[in-house]
Amino acid sequence: MDPGKGWSILERIRKYLYPLLGALLVTILIAAGSIHRVDRWAQDLLYQRPGTASGDIVIIGIDEESLSILGPYNTWDRNILASVLEKLAADPEHLPAVTAVDILYAGYSFEQADARLAAAAEALGHVVTASLADFGMQVTWENGHAVALDASAVLSMEEPYPELAACTVQGHINAVSDADGIIRHALAYVDYGQDRTYSMACETARIYLESRGKQLKLPPVSRQGAFYIPYTARPGAYSDDISIVDILMDKVPPEYWAGKIVLIGAYTPGLQDDYFTPVDTHTRMNGVEIQANVIQSLLDGRYKREVPAWPQLLILFLVSLSAAWLFLRLRLKTGTAVFAGYVLAGFGIPLLLYQAGYVTHPLWIPSAMLVLFILALAVHYVQAARERIRLALENERIHAELEVAAQIQSSALPGPLPEHSEFTLSASMTPAKMVGGDLYDYFMIDEDHLGLVIGDVSGKGVPASLFMMVAASLIRNAVLAGNPPGEALRMVNTQMCARNPNDMFVTVWLGVLELSTGLLTAVNAGHEYPALKKASGTFELFKDRHGFVIGGMDGARYRPYTLQLETGDTLFVYTDGVPEATSAQEELFGTDRMLQALRSRETGTPDELLEAVRQSIAAFVGPAPQFDDLTMLCIRYLGRPTSPHSDLTHAPARQLPLTDRTSYQGKTGGKEPG
């Protein structure tokens with residue numbers, strides 16, 4: 001087959017395969033419920049818009065005032081509610097249209113109180129009392145085998161005691177909350193055996209509508225009898241702060257409840273009958289207020305039908321397929337406009353459908369569009385990157401190696417440390433045109449020890465950079481593992497010698513500064529002498545002990561030395577690119593000029609000291625090309641703060657092994673161990 005023709009077929013397959021895979025991906029993710037909770041919150045925000053509470057619904061609450069005057073609720077007998085019902089029935093000309101008691105009175109209590117409550121309910125008429133279904137798991141057995149499992153079966157029904165049940169209508173008061181604890185649905189009815197018990201809200205609305213010559217039409221329900229609640233009012237909107245005590249003390253005229261729906265129930269958090277609702281997810285709503293919202297939706301006929309998931313998923317897949325195809329074909333500007341159009345439609349169409357009575361998932365399409373657009377951007381980016389790489393390989397193949405090496409070298413440089421009061425530090429590397437092997441590193445070993453590294457690999461180019469990367473990584477890992485400087489370099493040297501086919505080597509200066517004491521433990525493996533400035537002196541070369549270079553000879557050992565830094569002391573380390581900077585006359589910059597540059601700004605910050613050296617080199621070199629990388633690291637020890645308000649960390653430092661303590665402690669400042 002012609003390779004060009006084969007490539008064309010492959011591109012054509014990708015043209016349709018990528019959109020198909022993207023559409024399948026987002027559809028599967030959304031079908032799996034990845035954004036279910038967020039989508040529910042979006043439904044709450046878009047659909048649940050508070051309106052005006054109906055004036056035909058009156059709440060008489062068992063509130064804090066009632067409990068303070070009549071005592072704790074568990075001490076009440078049924079005479080109290082009987083008295084309330086008697087007050088409501090006192091004026092035959094001003095009776096409620098229906099009274100719903102959102103309290104379960106199951107079983108007998110005191111004979112006189114039970115009889116009085118039943119008589120009061122019968123005298124008032126049109127009273128709805130509470131029943132409660134007990135849901136649980138039920139297994140159906142046939143021939144000794146389980147054939148069905150119902151996880152939401154009604155195991156029993158608690159009803160009012162017989163005398164009260166005989167003269168009232170029963171309505172269940174079961175609340176149905178979603179997985180996030182928010183009540184978005186109500187149960188229109190509960191089936192127990194052959195009996196069906198409608199909800200208190202349904203029975204109350206039915207009686208009220210029948211009193212006005214109308215019939216209640218039930219909302220569309222799920223197989224479990226649940227329906228979506230379009231809330232009308234926020235918590236407290238139905239309440240006029242009328243309590244049971246107000247009724248008993250004749251503070252409310254009968255005209256207030258005449259011909260209306262009267263709801264009696266708990267109206268204080270202490271009675272634990274309050275829930276979160278979608279109309280206000282931050283404030284709990286009392287159960288009797290939820291009843292009021294459901295009743296008003298039934299009276300208004302504002303029913304909402306929840307659209308099943310499968311047709312929405314099918315539409316989602318088709319929309320996602322078309323969007324993915326467009327996103328991959330269009331330019332960024334046009335594709336962004338198309339993306340915005342899809343998102344706006346994804347929000348706008350569900351809102352229109354809700355107004356028409358259908359509840360859909362408003363975040364499905366916008367979320368899918370966002371994922372597909374990001375994936376399309378990634379595909380475009382990858383394709384553009386591949387094209388750039390191809391052109392770079394064709395046009396600048398020689399320079400590609402240097403650019404990659406420079407990126408690797410740059411990525412190895414450490415970022416800024418969190419601010420420490422014990423020291424201030426600055427480091428820089430100015431690369432030459434060729435990729436070099438210089439690198440610096442600094443890192444906290446523990447809360448009291450700071451590691452400092454600077455190095456220079458023999459040779460130039462990519463091999464030197466890679467060799468330096470390996471060495472720097474091994475040094476950092478060895479020090480962080482708890483090894484003292486000398487042992488750390490011994491281990492690194494062993495590893496580098498074992499895999500060094502090109503016989504490369506690296507000079508290294510490694511120091512560990514104990515922040516609490518200023519004691520610096522250092523090792524010099526063939527590197528340049530550091531420059532040290534005591535607080536009361538000037539910059540001088542500190543001619544420390546030199547060990548053999550890393551990677552040069554297996555078995556080499558490295559003896560550490562210690563240097564006691566006092567408050568205000570400054571240490572400057574560098575690579576050979578500084579003293580070996582060469583002018584147009586082929587004269588070396590040298591360490592003397594370096595010290596002069598440091599002394600010219602010796603009271604400055606580490607940043608200013610590094611800048612002084614750079615400027616001095618630039619003036620000395622002039623137009624001559626830079627020969628080598630210029631890498632420098634400068635640290636000033638500020639001492640441990642003693643103020644009780646300082647940011648001193650009081651946690652104990654990491655316990656070091658015995659060999660570490662030997663290296664980090666017990667040495668005199670500036671002397672080498674014998």
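Values for this structure:
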{"quantity": "Segment Ala31-Ala106, extension gain: residue separation times 0.36 nm, minus the distance between their alpha carbons", "calculated": "22.7 nm"}
{"quantity": "The chain: calculated mean residue ellipticity at 222 nm from DSSP helix runs of at least 4, using -39500 (n - 2.57)", "calculated": "-13000 deg cm²/dmol"}
{"quantity": "The stretch 180-223 pair-distance distribution - Cα-Cα, 10 Å bins, rounded %", "calculated": "23, 45, 27, 4, 0"}
{"quantity": "Three-way shape label, the stretch 216-337, alpha-carbon gyration tensor, a/c 1.5", "calculated": "prolate"}
{"quantity": "Whether the stretch 507-587 is rounded, prolate or oblate, judged on the alpha carbon gyration tensor where a/c under 1.5 counts as rounded", "calculated": "oblate"}
{"quantity": "Förster radius 56 Å - calculated FRET efficiency between Ser68 and Gln215 (Cβ-Cβ, nearest 0.05)", "calculated": "0.80"}
{"quantity": "Between the stretch 14-46 and the stretch 509-559, the Cα center-to-center distance that results, in Å", "calculated": "59"}
{"quantity": "Dipole axis of the chain (+1 Lys, Arg; -1 Asp, Glu on Cβ), positive-most option in Ala376, His449, Leu45", "calculated": "Ala376"}
{"quantity": "Reported label for calculated Cα extents along the principal axes in Å given (i) 72, 59, 51; (ii) 117, 78, 59; (iii) 104, 71, 59", "calculated": "(ii)"}
{"quantity": "Residue (of His527, Pro362, Tyr73) at the positive-pole extreme of the chain, dipole from beta-carbon charges", "calculated": "His527"}
{"quantity": "Three-way shape call for the stretch 73-136 based on the alpha-carbon gyration tensor, with the a/c threshold at 1.5", "calculated": "oblate"}
{"quantity": "Share, in percent, of DSSP beta bridges within the chain that are antiparallel, nearest 5", "calculated": "75"}
{"quantity": "Among the listed pairs Lys460/Lys543; Lys217/Lys260; Lys214/Lys251, those beyond 23 Å (Cα-Cα)", "calculated": "Lys460/Lys543; Lys214/Lys251"}
{"quantity": "Relative packing of peptides 633-639, 25-31, 586-592 - highest average C-beta neighbours within 10 Å first", "calculated": "633-639, 25-31, 586-592"}
{"quantity": "Total charge dipole magnitude, the chain, about the Cα centre, Cβ charges on Lys, Arg, Asp, Glu only, Debye to nearest 20", "calculated": "2720"}
{"quantity": "Theoretical FRET efficiency, 1/(1+(r/R0)^6), r = Cβ-Cβ of Thr140 and Leu377, R0 30 Å, to 0.05", "calculated": "0.05"}
{"quantity": "Relative packing of 512-525, 257-270, which averages over residues the other C-beta atoms within 10 Å, highest first", "calculated": "512-525, 257-270"}
{"quantity": "Candidate residues Tyr73, Tyr238: accessible-area rank, largest first, probe 1.4 Å", "calculated": "Tyr73, Tyr238"}
{"quantity": "Rounded tilt (10° steps) of 397-412 against the dominant C-alpha axis of the chain", "calculated": "70"}
{"quantity": "Cα-projected label distance for Arg386 with Glu403, points at 7 Å along beta-carbon direction, nm", "calculated": "1.8"}
{"quantity": "Amide H within-cut-off set for Leu630, under 5 Å, with H built and near neighbours excluded", "calculated": "Thr430, Ala432"}
{"quantity": "Gain on full stretching of the segment that runs from Leu318 to Arg331 - 0.36 nm per residue minus C-alpha separation", "calculated": "2.5 nm"}
{"quantity": "Cα long-axis angle, helix 332-355 against the chain (0 to 90 degrees, to the nearest 10)", "calculated": "20"}
{"quantity": "Gain upon complete extension [Thr538, Gln224; 0.36 nm per residue less C-alpha separation]", "calculated": "104.3 nm"}
{"quantity": "Length-normalised contact order of the chain in % [C-alpha pairs under 8 Å, at least 6 apart]", "calculated": "12"}
{"quantity": "Inter-label distance for Glu93 and Leu417, nm, one decimal - labels placed 7 Å from Cα along Cα-to-Cβ", "calculated": "9.1"}
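The values are calculated or read from the model by the stated rules, or taken from the named source; none is laboratory data. Just so you know, these numbers come straight off a predicted model, no measurement behind them. Here Cβ is always computed from backbone atoms with ideal geometry, including for glycine, and neighbour counts include all displayed protein chains. Heavy atoms of the whole protein, side chains included, go into the accessibility calculation; ligands, DNA and RNA do not. Shrake-Rupley method; radii C 1.70, N 1.55, O 1.52, S 1.80 Å.
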